[in-house]
Amino acid sequence: QVELVESGGGLVQAGGSLRLSCAASGRIFGINAMGWYRQVPGRQRELVATITDGGVTNVADSVKGRFTISGDNAKKMVDLQMNSVKPEATAVYYCNAVRRITVEGASVDYWGKGTLVTVSS
């Protein structure tokens, strides 16, 4: 089992910055990607940014240029630097880890409990 613990959420003014952090523990061997997703009530969870163990990143168009994802592959930690935040970024942010469980490539997703980010206008 993998446990993900997020930190760094809170209240920030529009235009400000916030940094989210996530650390994985437990059976972290085989984790080959980590990332951040967000969800607002009544809407589907959406991708914000992901990073592979090789350092390849994928960032949603809506936050590209303002949000940056970085990770420590050895420690299985991932950060999300959020700059120039907008009110529409208000959501619960979830840390995600993908762990490969078979040589054929099957994998399992793990999720943190989420951290609330509120952007005031």
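The values are calculated or read from the model by the stated rules, or taken from the named source; none is laboratory data. Here the structure is a predicted model, which means the values were calculated and not measured. Note: ideal-geometry Cβ built from the backbone for every residue, glycine included; neighbour counts use all protein chains shown. For accessibility, only protein heavy atoms count, side chains too; no ligands or nucleic acids. Shrake-Rupley method; radii C 1.70, N 1.55, O 1.52, S 1.80 Å.
Dipole size of the chain about its Cα centre, with +1 on Lys/Arg Cβ and -1 on Asp/Glu Cβ: approximately 120 debye, rounded to the nearest 20. Here the gap between residue 108 and residue 40, fully extended at 0.36 nm per residue and compared with their Cα-Cα distance, gives a gain of 22.1 nm. Take residue 64: with every protein chain present and a 1.4 Å probe, its accessible area is about 120 Å². Surface calculation, 1.4 Å probe, protein heavy atoms: residue 104 sits at approximately 150 Å² accessible. The distance from the alpha carbon centre of the range 36-109 to that of the range 13-34 is 7 Å, rounded to a whole number.
Projected onto planes of every orientation and averaged, the convex hull of the alpha-carbon atoms in the range 40-86 covers 4.0 nm². Translational diffusion coefficient of the range 52-121 (Stokes-Einstein, Kirkwood radius from Cα pairs, 37 °C, 0.692 mPa s): 235 µm²/s.
According to the calculation over all Cα-Cα pairs in the chain, the P(r) per 5 Å bin from zero is 2, 12, 23, 24, 19, 11, 6, 2, 1, 0 %. Put 100, 43 in order of accessible area, highest first, and with a 1.4 Å probe you get 43, 100. Fully extending the segment from residue 47 to residue 84, taken as 0.36 nm per residue of separation minus the present Cα-Cα distance, adds 11.5 nm. Springs join every pair of Cα atoms under 10 Å in this Gaussian network model of the chain, and among 30, 105, 55 the largest mean-square fluctuation is at 105.
Using 0.36 nm per residue and subtracting the Cα-Cα separation, the extra length available between residue 57 and residue 74 on full extension is 4.5 nm. Measuring nothing but alpha carbons in the range 80-119 and taking Rh as the Kirkwood radius, the Rg to Rh ratio lands at 1.19. Accessible area per residue (1.4 Å probe, heavy atoms of protein chains only) ranks 78, 56 as 56, 78, with the largest value leading.
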